[in-house]
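The values are calculated or read from the model by the stated rules, or taken from the named source; none is laboratory data. All values reported here derive from a predicted model rather than from experimental measurement. Methodologically, a virtual Cβ is constructed for each residue, glycine included, from the backbone with ideal geometry; neighbour enumeration extends over all protein chains shown. Areas reflect the complete protein model, heavy atoms only, side chains present, ligands, DNA and RNA absent. Shrake-Rupley method; radii C 1.70, N 1.55, O 1.52, S 1.80 Å.
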Amino acid sequence: MESAPSTCFLRRELVGAGLKSPRVRLFSSSWQRWYPTSCKMSQRHFSLRNKRQQAKKINLPTNTGFKPIDGSKTDTSHTRKGDALPINTSFETNIGSSLPKGSNSGSDQETDSKNNVPVIEYEYLEGEGYISSSQPHEVRSLHSDTVGYSEGSVHLNDENTSSSFLSNDIPSTTRNGGRQRSSIHLQDLIRMIRSAERNINLLNEARIRALEDLEKFLSEKKSLQGEINTLEMKLAETVARLKVATEEKIHVELLEDQLEKLRIELSSREELEQDLNNVVSSSQLDIVSSFSQELDSLRSENMVLHDELQALKAELSHITGTEQRVQTLEEERSLLQSSFKELEYKLSASQQDVSKISSLKSERKSLYEKVEDIQTLLDKATEQAEQAIEALKLNQELLKKVDYLEESISKTSDYKLSSEKMQQHTELMQQNIELLDNRLQNSDEATHYYIKSCQDSMKEFQDTLNALKEESKKRQEYGSVHDRPSEFWSNLLLLVDGWFLEKKISVDQVKLLREMIWKRERSVSDSYMSMQGKSEREIILTFLRLTSPTTGERLHIIHIAAEMAPVAKVGGLGDVVTGLSKALQRKGHLVEIVLPKYDCMQYETIQDLKVLDMPVESYFDRQLFKNKIWVGTVEGLPVYFIEPLHPSKFFWRNQFYGESDDFRRFSYFSRAALELIHQAGKKPDIIHSHDWQTAFVAPLYWDLYVPKGLDSARICFTCHNFEYQGSAPASELASCGLNVRQLNRPDRMQDHSANDRVNPVKGAVVFSNIVTTVSPTYAQEVRGSEGGRGLQDTINTYSKKFVGILNGIDTDAWNPATDPFLKVQYHSNDIDGKAENKEALRRYLKLSSANSRQPLVACITRLVPQKGVHLIKHAIYRTLELGGQFVLLGSSPVPEIQREFEEICDHFKTHEHARLILKYDEALSHLIYAASDMLIIPSIFEPCGLTQMIAMRYGSVPIVRKTGGLNDSVFDFDDDAIPAHHRNGYTFLKANEKGFSNALKRAFNHYMNDADSWKQLVQKVMSLDFSWDSSAPLYEELYHMSIARARSRD
């Protein structure tokens, strides 16, 4: 039968020359080894014949274990419970495998090879031989992983020991004479002996492995010693550095107390760590000592190994102590370094404090000076107060006297004084009291008057000084008229002659200008010098204004438009109508506006709105329709609102534009507006229409109303954007009464796209006396195919009456010093309020306020392709990459663009540096202008643009594409070809991401790296004049020139 692997230990105890209580015990389970064995040892061979001759046959049952009786004296004092022999080798013991057939090796002696091995104990008694110490078939199970061993065991490791065991320890059945015992096969006993020898060999292998491990310990010791040497070198270097640092920082002796406290804490920590290390080292000592004791118990010749292990233990303890010292030194070094850094930080902080103290000293000095000035004023006020107090004292004394007199008067009845005399005396005293009161009041008034007069005189002196400075500056810059060299006047003369030869001015105009130049009139010189840097067209208009005989004549001007701010505003058209009208009104002209009466107007902005009891009938669709006429004032301007009583309810659609019948709606309005002017008996000098919605006015006026007697006016048409021309089928033109056959011609109103369509803008260009657009650059752009949108040939044909005038802004409505929508008002001389508005916007939009200097970029626009939608999207992400914040305010009438920006809005909904508001909010737009540091306008084309002007008015630096009015109002800060006083923003030429990113990055670098220069730029752009006061005179001049030409033909 095959048995489980096990490790067998043969134990015995000898008494005298005989065997007292021999025991042979089979131990189960493999031992957990501490060190693996690798050496191989040859087994020793015994002579079976010699052993058989010396030993006597003993018959024992198979699978028998030997165990000492209770009285055995086996030394187990050094055996500890739970200790295990450092052997991890298992081998097979197959007892009974060589028994002859029929021997007693039944199945009842088989056990589980992993858990239990049967142990049957026999005792040898004198005279009785071997007897079982347990009941028959009793089995004791020993787990393979819990068997201990005795350090006092005698190991059988040679042949002599085996022979002596056979000859001395095994009793013979004949020696005891008489008791028949179970026979033990000699072959089984030999196998047991050989198993014991194998155990001995394994012990030897363990010893060899221990030696190898010892060598490993020594090698590790050498490596540790090397590391200790390295650490000692580093420690020495650290000590040297600390000495140098200590020598350099002697002046910080006040902090030595803190260092001493740190050292005390370090020493306490060191003691604690040493205690912990002693505990750890003691546990290591126990392990090493137990290991050495267990090695000593294996064999007596392992004493050398024990000594070497002791030495190794000493080395390890020394290394451990060294490591502890190194660790404590490292900790102390790190603490000293941290203390040193803290001292350096405190030193730098103290230096900063010193610098702050110096600045505070200078401020204190200035404050002392101010305090002294205030003290002098206080002294004067004190003197006056003392005088007033003295007067009051006198007054009180007089009052006391009055009281005394009153008492005396009460006693007059006793003394029978004359009531008349007493009354006179009392009146005299009251007069004296009133006189004193008047003197006191006069003294107070004199004091206040003196202070006020001083303030007024100082203000007057300052104004006078400023005026003198400006006059002196102008004189230095221009010089007097008579001081100008002859070359100056000669150049002016050549310039005027060039204009005449190029047919830019008439013969009469050039004669007048030549005469003024010959006379060297100051008006010519001043006008020319004031127009430096302006376009040639503006210079010509300025000079012609000097020759106009009607300059100063008041005009009657009527604007017919579809928009007016703020009552009916969609875009810049409404701002232009209001701003230009107010500027012309301030110059003394009579200005009136005619608008449709929309149901969605801002009625609260209309003052004194009322309906007139005079319905005006106008022709449309071959019949007459009544119109209600409403009147009111908007921004101080008289406005007429036309409400058509038409079944289609043209202007009750809850929106201004975007209806399918817009052509019919506004052609009806244009005819009704002219009918209102005619029926009201008005004789205007100028009728000014705007964009395609009122472009019908020009052909209607000349074809229908001049024959009716409305012939006093000149027609001015302004196209704010040539992209929108309002073309429609020619048949629809007949609804307002125009002759389709006469007007649907290439030289009149026929659209360039098809022969059966008409173009209202083209008709206005052809039939108007004055045609303008909103900037000089845009006027040049529309003469090409890209800008003209099909009207370039018509514009070039009528170029003599076509001019570009840059729009202005309403500086009353857009004024940061008085803007009610701002958190804090501010102006160009004090821009601190801009930062407060920036913080207010951040709080309102829930943006991060961690960095007050973080640039805020804004965009306020309609999201249409013209505005460069792809560049606006790029600007959002590029601004965040550069470390700025971005705010967008605006919406799109294009559903696809609106949806796209709604997705972007959702993406940045909780972002701390970006916010998109997809609607128009008038109040919020004011706050964004004031809060933003930069404002982007990356338009593909921009006829004029008011946004950049408003932004500069509020101190926001514009970043624009060089097109249209943007090119006429924004000049790049880094362009050396432009005079420095004109540079007011950042520009790029090509409408791509690269060009825009370059301009944005340059602006960011300027803002982040030169705060003082940026502040100067902000103050400069805020002081620029983009008001209508500079643009309205150009329109005024065009009006006068057109009227003068009409009168000259008459």
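Of the residues making up segment 744-773, those that are of a type in the set (A, V, I, L, M) and at pLDDT below 95 number 1. One residue stands out among those in segment 778-797 that are open to solvent by less than 30 Å² (accessible area, probe 1.4 Å), in a helix (DSSP H, G or I) and more than 19 Å from SER535 (Cβ to Cβ): the one that is modelled with the lowest pLDDT, which is GLY788.
State whether one or more residues within segment 554-568 are open to solvent by 40 Å² or more (accessible area, probe 1.4 Å), outside any loop (DSSP other than H, G, I, E, B) and farther than 20 Å from ASN807 by Cα. No, segment 554-568 has no match at all.
Being over 50 Å from the mean Cα position of the chain (by Cα) and open to solvent by less than 20 Å² (accessible area, probe 1.4 Å) is the requirement here; does VAL771 meet it? No; evaluated as a whole, the condition is false for this residue. Scoring ASP1012 on the criteria (1) under 27 Å from SER535 (Cα atoms); (2) open to solvent by 10 Å² or more (accessible area, probe 1.4 Å); (3) among the charged types (D, E, K, R) leaves a single failure, condition (1).
Filtering segment 706-729 to residues that are open to solvent by less than 10 Å² (accessible area, probe 1.4 Å) and under 56 Å from the mean Cα position of the chain (by Cα) leaves ILE715, CYS716, PHE717, THR718, CYS719, PHE722, ALA728. With the structure loaded, tell me whether PRO938 is touching a His at 6+ places or on another chain (Cβ under 7 Å) and either charged (D, E, K, R) or within 30 Å of GLU781 (Cβ to Cβ) (or both) or whether it fails that test. Criteria not met by PRO938.
Taking each residue of segment 316-334 that is closer than 17 Å to SER267 by Cβ and assigned to a helix (DSSP H, G or I) and looking for partners that are at pLDDT below 70 and open to solvent by less than 60 Å² (accessible area, probe 1.4 Å) with beta-carbon atoms closer than 6 Å, six or more apart or interchain, yields GLN324/ASN277. Checked against (1) assigned to a helix (DSSP H, G or I); (2) within 28 Å of GLN585 (Cα to Cα); (3) in contact (Cβ under 8 Å) with a residue 24 or more places away in the chain, LYS800 passes all but condition (3).
Of the residues making up segment 645-673, those that are over 18 Å from GLY726 (Cβ atoms), in contact (Cβ under 8 Å) with a residue 12 or more places away in the chain and more than 53 Å from the chain's Cα centre (by Cα) number 2. The residue list ILE190, ILE200 contains one member that is without any contact (Cβ under 8 Å) to a residue 60 or more places away in the chain, buried (at least 18 other Cβ atoms within 10 Å of the Cβ) and in a helix (DSSP H, G or I), which is ILE200. For GLY784, the requirement of being without any contact (Cβ under 8 Å) to a residue 12 or more places away in the chain and more than 42 Å from the chain's Cα centre (by Cα) is met.
Tallying residues that are under 17 Å from LYS1015 (Cβ atoms), open to solvent by 20 Å² or more (accessible area, probe 1.4 Å) and assigned to a loop (DSSP other than H, G, I, E, B) within segment 829-862 yields 4. Candidates ALA817, ALA734, ALA754, ALA813: the one that is surrounded by fewer than 20 Cβ atoms within 10 Å (Cβ to Cβ), assigned to a loop (DSSP other than H, G, I, E, B) and more than 51 Å from the chain's Cα centre (by Cα) is ALA754. Is segment 578-595 home to any residue that is open to solvent by 10 Å² or more (accessible area, probe 1.4 Å), more than 25 Å from LEU674 (Cβ to Cβ), of a type in the set (S, T, N, Q) and in contact with a strand residue (DSSP E or B) (Cβ under 7 Å, 6 or more places away or on another chain)? No, there is no match, as no residue in segment 578-595 is open to solvent by 10 Å² or more (accessible area, probe 1.4 Å), more than 25 Å from LEU674 (Cβ to Cβ), of a type in the set (S, T, N, Q) and in contact with a strand residue (DSSP E or B) (Cβ under 7 Å, 6 or more places away or on another chain). Note on segment 694-705: residues that are open to solvent by less than 50 Å² (accessible area, probe 1.4 Å) and assigned to a helix (DSSP H, G or I) total 8.
Out of all the residues in segment 657-667, is one or more in contact with a helix residue (DSSP H, G or I) (Cβ under 8 Å, 6 or more places away or on another chain), under 30 Å from SER1048 (Cβ atoms) and open to solvent by less than 10 Å² (accessible area, probe 1.4 Å)? No, because not a single residue in segment 657-667 is in contact with a helix residue (DSSP H, G or I) (Cβ under 8 Å, 6 or more places away or on another chain), under 30 Å from SER1048 (Cβ atoms) and open to solvent by less than 10 Å² (accessible area, probe 1.4 Å).
The residue pairs whose first member lies in segment 733-744 and is of a type outside the set (Val, Ile, Thr), whose second member is open to solvent by less than 20 Å² (accessible area, probe 1.4 Å) and in a loop (DSSP other than H, G, I, E, B), and whose beta carbons are closer than 6 Å, counting only pairs six or more residues apart or on different chains, are LEU743/MET749.
Close Cβ contacts (under 6 Å, 6 or more residues apart or on different chains) running from residues in segment 1009-1031 that are basic (Lys, Arg) to residues that are in a helix (DSSP H, G or I) and loosely packed, with under 15 Cβ neighbours inside 10 Å are absent.
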